[in-house]
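Read the structure below first, then the notes.
The values are calculated or read from the model by the stated rules, or taken from the named source; none is laboratory data. It should be emphasised that the depicted structure is a prediction, and the values quoted were computed from it without experimental measurement. Cβ coordinates were reconstructed from backbone atoms using ideal geometry, including for glycine residues, and neighbour counts include every protein chain displayed. For the accessible areas, the whole protein counts, side chains as well, though only heavy atoms, and no ligand, DNA or RNA atoms are used. Shrake-Rupley method; radii C 1.70, N 1.55, O 1.52, S 1.80 Å.
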Amino acid sequence: MNASAPDHAASAGASLPDLLAGGVPAPDGTVHSDAAIVPLIPSAGRPVAALLVMSLVLTLLVFAWAAWDHHRRVWDDAREQVVDVTHVLEEHAGKIFSIHATSLRYVERLVEDAGWKNIAGDSRFYDRLREIWQASPELESVWVVDTSGIIRVNTVQWPTPALDVSDREYFRAQLKPGAGIFIGQQLRGRISGAAFLPISQRMETRDGRFNGVAQLSLKPDYFIAFYRSLFSADPKTMMLVREDGAVLLREPAPADDLQQGFYPELLKTPEDATGTFILTSPIDGVRRLYARRKVPNLPLFVLYGIDTASIAKEWEDRALVYAAVAVPASLALMLVAWIAIRRSRDLARADRILRHANTLLEARVADRTRHLDRALAEREMLLRDTHHRVKNNLQVVSSLLQLQAGMNPALRPALGDALRRIHAMGILHEQLHRASDVDVVQLDRVITALAREIDNIHQGEGHAAGGLRRVSVVLDLTPLESDLTASVPVTLVLNEVLSNAFKHAYPEGRAGTLAVTLRREGTEGVLTVADDGVGMPDTAAGTGRKSLGLLLIDAFTRQLRGRFLYEATTPGTRFTLRFPLG
C-alpha cells in the first residue's frame, strides 16, 4: 500500500528549471528530456497571416451578401408598396365612380318623372339636383342635357342660360345605344371656367329612344388631395387612365394646363409575377416601377409608380452604412493580427511550458488516483474481513453461552436473552459482509433477516405439521439506507421489541399477527411493531420497575438520539421508534 511513496517523493523533487527545460520526472527521481511527450509549437506567424486573409475575404463576402440581400429587400418592399397602394387607389376610385353612377341613374329617373316640357322652370327639380351636388364634396356640378345637346338645368346657375354642349365628348359618346358610363378627360367649364372631370350616362325613354344625357362634373382637386394624403412629395406618381390610354388624372399634376394625352403603353406593358412592371414614363421620361389595377365594371385603370432612382438611392445609402462598418472592422482585424504575429513566439513558449506542467500534473494525478483506488480496495477488503471475523467471534461466544446454559439450567433464561441479542448483532454483521457497499446498511434487509430469525427462534423451524405458525409476522418495509452507527441500535431495539412481543403478547399458545413497518418521514426513519395480543403490563409509564428489555430500549434510543413510544391498542400493543437518518 505504501510502495508508491518513493515515486511521489521523486516526482516532488523535480525542479522548475528541469520542467521548463522539457524534462519529465522518471520513477527513480531523475529528469529526462522527452520531445515526443511535449512537442514544441512553431511560430504562429504564418497561420495568423492566413487567418487574417481568410477573415478579410470573409468580411468582404459578408459585406457583399448583406448588400445584395438589402438590394433584394429594398426592391421587394418597393414592389409590395406599389401593389398595396394601387389596391387602395382602385378601391377608392371604384367607390367614388360607383356612387356617382347611381347618382346618374337617379337623375335619369328625375328627368323621366318631370318631363322635358317644364323642367327648365321647375325650381323643385333644380333643388333635387342641388341635393345630389351638396351630398358629395367631390362634385363640381350636376348637368342635365336634352337630346339636342342644350343644357336645360345645372347646379351652377339658376335659371340656367342656354348653352350648347353638343360638341363635348361626354355628350357625343352617349349618342350610341349601350354606351354605358363614360368618363372623359379634364375640361374647363364654359360658365365657371374651373377644371372638371366629366362622367356621363345616356338617358332613354321607356321604349329605348335617346332622351338626353345626365352629366356630373368631378373636382380634380379632390382626387389630388386624397392622393397626396397617401404619400409625401417623394418621387412617386399616381394616375387614372381610361382603357383607351387616355390620361384622366395624374399626380403630380401640371401647373397650369389640363391633363390630356393618350399613352396606351401604360396599359400594354406586361407585368411580372409580382404584378408590377418597370417603364420609362412617356409623359415625363422618368423610369419608374409601376403597378396597375382595373376598376371593376368601369373602363378605368389606376396606376401607381415609384422612381427607380429613388429605390436605388435607398439601397446605396444602406450599402454605405454597411461599408462604414466593414472597413473599420477590417482595419481593426489587421491590427489585431499584427499584434498576434508579434507575440506568437512568446505564446508558443508559454504553450510549451504549460504543456510540460500539464504533463507532470496529469502524471501525478494518475499516480495518486492509482494509490487511492488501491487504498480504497484494501479498506473494503479489511472491513469485509472485519465483519466476517466479528460474525464468527459472535458465533463462538454464542456457542460458549449455549454450553454454559446446558451445564447450568438455572441460568438458561438469562443466557437465552443474551444469546438472542448476540445473534441479532451477528445478523447485522452478516448483512454488512454481503453488502456491495460496506459503508451503507440497508435497514430493510437487516430487519427482514432479523424478524425471520426471531420468528424461527420463538416458533421453531417448520412449526406444526402443516408448516403454519400460531403467530404470523407481516413485514411492510420501505427501502432505507443508514450507516453502521445507527443500524446497530435499531437492530438491538427491534430484537428486544419482537422478543418481548413473542414472550408476553401471546401467552398459552394464543394466535395472532405481528406487524413490522419501516418508513421515512422527512429526515426521520420510523419503525413500528404492532401486535394484537394481550398487551404488556410494563408499557404504562411509572408503573413499577422497568424490565431489562425496556432499559436497553431506552439506552439504545438515546444512543440514536431518537424517541420511542409504547401505546396500548385494542387489542394489543404498538411500539414506535423515531430516529434521524444520515
- Collect the residues in region 297-306 that are touching an Asp or Glu at 6+ places or on another chain (Cβ under 8 Å) and open to solvent by 30 Å² or more (accessible area, probe 1.4 Å), keeping them in residue-number order. 299, 301
- Query: Mind checking which pairs have a first residue in region 564-582 that is part of a loop (DSSP other than H, G, I, E, B) and a second that is surrounded by 15 or more Cβ atoms within 10 Å (Cβ to Cβ), Cβ under 6 Å, 6 or more apart or different chains?
  - Reply: 571/532; 572/531; 572/532; 572/533; 581/525
- Message: With the structure loaded, tell me whether residue 292 is in a helix (DSSP H, G or I), among the basic types (Lys, Arg) and surrounded by 12 or more Cβ atoms within 10 Å (Cβ to Cβ) or whether it fails that test.
- Response: no
- Take region 570-581 and flag every residue that is in contact with an Asp or Glu (Cβ under 8 Å, 6 or more places away or on another chain) and not aromatic (Phe, Trp, Tyr). 571, 572, 573, 574, 576, 578, 580, 581
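Does region 59-82 hold any residues that are aliphatic (A, V, I, L, M), under 35 Å from the mean Cα position of the chain (by Cα) and surrounded by 12 or more Cβ atoms within 10 Å (Cβ to Cβ), and which are they?
Across region 59-82, the qualifying residues are 60, 62, 64, 66, 67, 74, 78.
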- Query: Taking residue 157 and the conditions (1) under 15 Å from residue 192 (Cβ atoms); (2) within 60 Å of the chain's Cα centre (by Cα); (3) open to solvent by 40 Å² or more (accessible area, probe 1.4 Å), which numbered condition does it fall short on, given that it satisfies the others?
  - Reply: (2)
- Query: Condition test on residue 168, is it touching a Pro at 6+ places or on another chain (Cβ under 8 Å), under 27 Å from residue 296 (Cα atoms) and modelled with pLDDT of 90 or more?
  - Reply: yes
- Message: Among the residues of region 185-222, what is the count of those that are open to solvent by less than 10 Å² (accessible area, probe 1.4 Å) and modelled with pLDDT under 85?
- Response: 0
- Message: Given the condition at pLDDT 85 or above, farther than 21 Å from residue 556 by Cβ and not aliphatic (A, V, I, L, M), answer yes or no: does some residue in region 524-542 qualify?
- Response: yes
- Out of curiosity, is residue 326 more than 23 Å from residue 80 (Cβ to Cβ), modelled with pLDDT under 85 and surrounded by fewer than 13 Cβ atoms within 10 Å (Cβ to Cβ)? no
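Here's the yes/no breakdown for (1) hydrophobic (A, V, I, L, M, F, W, C); (2) within 30 Å of residue 101 (Cα to Cα):
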position: 244; (1), (2): no, yes
position: 275; (1), (2): no, yes
position: 278; (1), (2): yes, no
position: 295; (1), (2): yes, yes
position: 323; (1), (2): yes, no
- Message: Name the residue that is surrounded by the most Cβ atoms within 10 Å (Cβ to Cβ), counting only residues in region 482-511 that are outside any helix (DSSP H, G or I) and either out of contact with any helix residue (DSSP H, G or I) (no Cβ under 8 Å at 6 or more places or on another chain) or on the phi > 0 side of the Ramachandran plot (or both).
- Response: 506
- Item | Number of the exception - residue 227 against (1) more than 22 Å from residue 150 (Cα to Cα); (2) open to solvent by 70 Å² or more (accessible area, probe 1.4 Å); (3) not in a strand (DSSP E or B) | (2)
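Every residue, every condition in (1) among the hydroxyl-bearing types (Ser, Thr, Tyr); (2) open to solvent by 100 Å² or more (accessible area, probe 1.4 Å); (3) at pLDDT below 80; (4) in contact with a helix residue (DSSP H, G or I) (Cβ under 6 Å, 6 or more places away or on another chain), yes or no:
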site	(1), (2), (3), (4)
316	no, no, no, no
320	no, yes, no, no
341	no, no, yes, yes
344	yes, no, yes, yes
349	no, yes, yes, no
356	no, no, no, yes
382	no, yes, yes, no
393	no, no, yes, no
398	yes, no, yes, yes
- Determine which single condition residue 100 fails, assuming it passes every other condition in (1) over 20 Å from residue 174 (Cβ atoms); (2) within 60 Å of the chain's Cα centre (by Cα). (1)
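A quick yes/no check of all residues on (1) at pLDDT below 80; (2) in a strand (DSSP E or B); (3) out of contact with any Lys or Arg (no Cβ under 6 Å at 6 or more places or on another chain); (4) open to solvent by less than 20 Å² (accessible area, probe 1.4 Å):
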{"residue": "414", "(1), (2), (3), (4)": "yes, no, yes, no"}
{"residue": "420", "(1), (2), (3), (4)": "yes, no, yes, no"}
{"residue": "447", "(1), (2), (3), (4)": "no, no, yes, yes"}
{"residue": "456", "(1), (2), (3), (4)": "no, no, yes, no"}
{"residue": "464", "(1), (2), (3), (4)": "yes, no, yes, no"}
{"residue": "469", "(1), (2), (3), (4)": "yes, no, yes, no"}
{"residue": "473", "(1), (2), (3), (4)": "no, yes, yes, no"}
{"residue": "513", "(1), (2), (3), (4)": "no, yes, yes, no"}
- Message: So, in region 282-301, exactly how many residues are closer than 18 Å to residue 81 by Cβ and over 42 Å from the mean Cα position of the chain (by Cα)?
- Response: 5
- Out of all the residues in region 64-74, is one or more of a type in the set (Lys, Arg), out of contact with any strand residue (DSSP E or B) (no Cβ under 8 Å at 6 or more places or on another chain) and more than 30 Å from residue 210 (Cβ to Cβ)? yes
- Message: Just the residues that are open to solvent by less than 60 Å² (accessible area, probe 1.4 Å) and aliphatic (A, V, I, L, M), please, taken from region 250-282.
- Response: 253, 258, 266, 267, 279
